[in-house]
1. Contour minus end-to-end for Ser97 and Asn207, with contour as 0.36 nm per residue of separation and end-to-end as the Cα-Cα distance?
2. Among the aspartates and glutamates, select those whose C-alpha is under 16 Å from the C-alpha of Lys229, and discard any that sit fewer than 8 residues away in the same chain.
3. Subtract the Cα-Cα distance of Glu113 and Asn57 from 0.36 nm times their separation in residues, and report this length gain in nm to one decimal.
4. Using Cα atoms only, what is the angle between the long axis of helix 2-32 and the major principal axis of the chain, expressed in degrees (0 to 90) to the nearest 10?
5. Report the charge-dipole magnitude of segment 143-240 in Debye, nearest 20, computed about the Cα centre from +1 at each Lys and Arg Cβ and -1 at each Asp and Glu Cβ.
6. State the label only: which of [x] 65, 17, 11; [y] 32, 21, 15; [z] 43, 21, 17 corresponds to semi-axes √(5λ) of the Cα gyration tensor in Å computed from the shown model?
7. Out of the GluC sites (Glu not before Pro) in segment 82-180, which ones are loop residues according to DSSP with at most 10 other C-beta atoms within 10 Å?
8. How large is the dipole of the chain about the Cα centre if only Lys and Arg carry +1 and Asp and Glu carry -1, each at its Cβ, rounded to the nearest 20 debye?
Amino acid sequence: MKKKFSKIWFPITIAKYLIAMIIASAVISQHAIAIELKSQTLRYSVDYRGTDAGALNIEVIRNGDNYTIKAVSDLSLVAQLFLKSYTIETQFSSVNSNVSLLSGKESLNQSGETIREFMINQEAREVEYKDADNVKFDAATRVDADAFPLGMILSKTDELIGKPFLSVSPKRARLFVVKEAAQEEVTVPAGTFNTTLIKSVRPDDKNRFVQIWLKSGDNPVPVKIVSGKPGKVTTLTLTK
């Protein structure tokens, strides 16, 4: 009787073990899959305070675990009267699905002159500006780029809610907190997309906000970005 029980019990145990291993492998594989952004060029129309400001061409360049994001302005004739054409270039590294902003600079398109730049000092927890005061941040604050927030794009939505992030440009660094995320279908010149809408506000000024619509699925690029405060809003809309 004991031998019969052993013969039945052994294959059942092996079967349970194999099933458990398959489930565990699936869970591990699912957890290990990271959102990645491919190298590509995107074009956004820019509405600046109700005025057609032209377009922004954003080039995503991936080289292994490193990303370079180039945002090149293509100003309208009206915008050229009060703005200069520029290129903002930011550098990121991506290690084990953790995206880190490394540095950034702003250059004038006409002359190529770099007019502003910054570096992130993770050890000192400071944004180091060449010709301006450094900006400190604490260990709980995520640091991301202002023009194209790669860290937010490549993060899981539920890990962003309620968390502070420092939005850094070559000109300044501003603290925001992600308040909510929702699924929303949005239509832009590039098409109609299912998106995740992420809403963020300044903790010291609730009127200042950033809203970003990220395309669902693979390649979750921003379909639309709206930022500013009432009466002074900038809107970027994906055109292709």
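Please treat every number below as a calculation from the coordinates, not as lab data. What you see is a predicted model, and the numbers here were worked out from it, not measured in a lab. Every residue, glycine as well, gets a Cβ built from its backbone with ideal geometry; the counts of neighbours run over all protein chains shown.
1. Gain in length upon complete extension: 36.4 nm.
2. Asp47, Asp146, Asp204, Asp205
3. Computed gain between Glu113 and Asn57 is 18.3 nm.
4. Result, in degrees: 0.
5. Around 460 debye, computed over segment 143-240.
6. Structure-derived value, by its label: [z].
7. Those satisfying the criteria are Glu113, Glu123.
8. 1160 debye
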